[in-house]
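Chemist: Got a structure for you, questions after.
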Amino acid sequence: MRPPIPRILVVEDERDCRTLLTRLLRSMEFDVDDAENGMAALKRLADESYDLILLDALMPVMDGIQTAQVIKSLPALCTVPVVMLTGSDDPDYLEMAAEAGVDEFLSKSEDMEEIVRQVRLLVEMRKYISLRSQVRSQLASEVAAKTSMLKGILAEKETLNREILHRIALAAEFRDDITGRHTERVGIISSSIARSLGLEGAFCEELGLTAPLHDVGKIGIPDAILLKPGRLDEEEWRIMKSHTVIGGRILGGSLLPLLGAAEAIAVTHHETWNGRGYPRGLAGREIPLVGRIVSVADAFDAMTTERPYKRPMSVEQAAGIIEKEKGGQFDPDVVAAFRESLGDILESIKTMSGRPM
């Protein structure tokens, strides 16, 4: 399919000059119309579209500057290149014409054939600029479409990642909590504590997703030990404590960053501030912050939750024990943040499950 032939409007009051320009331009395969002055040109422009307007400077009825001003003031015409033919080299006049909207100047002292060649170059340049603009617009549209598609994929991936984390947590929790809500509550409590510590919103949100995986290692603990109603003997307790290591093995080595954080939680949430915890006996800030936060969250929910082998404590009793263990079992800063956020924690748990606290 052949590209459209460029259309040019020649606006020139001198008939011989207008006729010669029109003939020469048509010989170069341009589609050419002409007008004898600015007013006639505007009438043409009301009905026709052009790729370039070749405009004489001095004309009766409406001169070149006045015509350019009107053309550039109209939204439908303002992007059409206006080339002025002038015999003046007065800087003030040229500046006035440029302010009126003239894009290029050609000297009338030039040979007519040279003027036509210059016009051809300008038309080709105009086609190139237009094509480049179209390509840029198409690329921008394609980039926007690809970006939107990528955002959709990432959002779908994020939803899938969250679902995977939730299902893994439930798989472990159903071993000793048929409701599976303990994992959710630990996530809520942990993210509330993190916010009270002044941590970034993204960190708090991610902690709410990863904290529920703290006990995933319980998958590897026999029911006879996990659900035993009485006290565990020494060997049983050794096996029970291994759930931290098992959890680390389950979650370790993943390319998913969230599972890396969940691994740290699973392994360290039973470490204590005074170094008497397990499995490695870490102390103080040797324990990752996520482990120190989840330690408090897990202990509070465990104390206030009824299980087959124990009765629940009141909120006041559990909070009192956590306060008493400040600097012993628990990080003092985390305990302070827990106390500060306790009201929000209780409200969030009540909203989540309707469970009175």
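Chemist: Once you have a ≥ b ≥ c as the square roots of the Cα gyration tensor eigenvalues for segment 7-135, tell me rounded if a/c is under 1.5, and otherwise prolate or oblate according to whether a/b is larger than b/c.
Modeler: rounded
Chemist: Among Phe105, Phe300, Phe30, rank each residue by its count of other Cβ atoms within 10 Å, from fewest to most, as a rough exposure measure. Write out the running numbers ahead of the final one.
Modeler: Working: Phe105 15, Phe300 23, Phe30 20.
Fewest to most other Cβ atoms nearby, the residues stand as Phe105, Phe30, Phe300.
Chemist: For Lys108, which sequence-distant residues (separation of 5 or more, or a different chain) have an amide H within less than 5 Å of its own amide H, given hydrogens modelled in the peptide plane?
Modeler: Amide H to amide H, under 5 Å and 5 or more residues apart or across chains, Lys108 pairs with Thr86, Gly87.
Chemist: I'd like to compare 332-342, 38-48: which one has the highest average count of other Cβ atoms within 10 Å, and what's the full order after that? Don't skip to the answer; put the middle values down first.
Modeler: Values: 332-342: 18.6, 38-48: 16.1.
Ranking the peptides 332-342, 38-48 by packing returns 332-342, 38-48.
Chemist: Next up: For the peptides 310-317, 53-60, what is the packing order when you average, over each peptide's residues, the other Cβ atoms within 10 Å and list the highest mean first?
Modeler: Highest to lowest by the protection proxy: 53-60, 310-317.
Chemist: Along each of the three principal axes of the Cα atoms of segment 27-97, give the extent in whole Å, ordering the values from largest to smallest.
Modeler: Largest first, segment 27-97 extends 33, 30, 23 Å along its Cα principal axes.
Chemist: Could I ask something else about it? Cβ neighbours within 10 Å, averaged per peptide: list 200-206, 236-242, 21-27 in order, most packed at the top.
Modeler: 21-27, 236-242, 200-206
Chemist: When the gyration tensor of segment 174-353 is built from Cα positions, what are the square roots of 5 times its three eigenvalues, in whole Å, from largest to smallest?
Modeler: Value: 22, 20, 17 Å, ordered largest first.
Chemist: Here's a follow-up. Semi-axes of the equivalent ellipsoid of segment 225-320: what are they in whole Å, largest first, if each equals the square root of 5 times a C-alpha gyration tensor eigenvalue?
Modeler: Working through the eigenvalues yields semi-axes of 24, 17, 14 Å.
Read-outs: derived from the displayed coordinates by stated rules, not from any lab. Note that this is a predicted model, so its numbers are computed, not measured. FYI the Cβ positions are ideal-geometry reconstructions off the backbone, even for glycines, and counts take in every protein chain you see.
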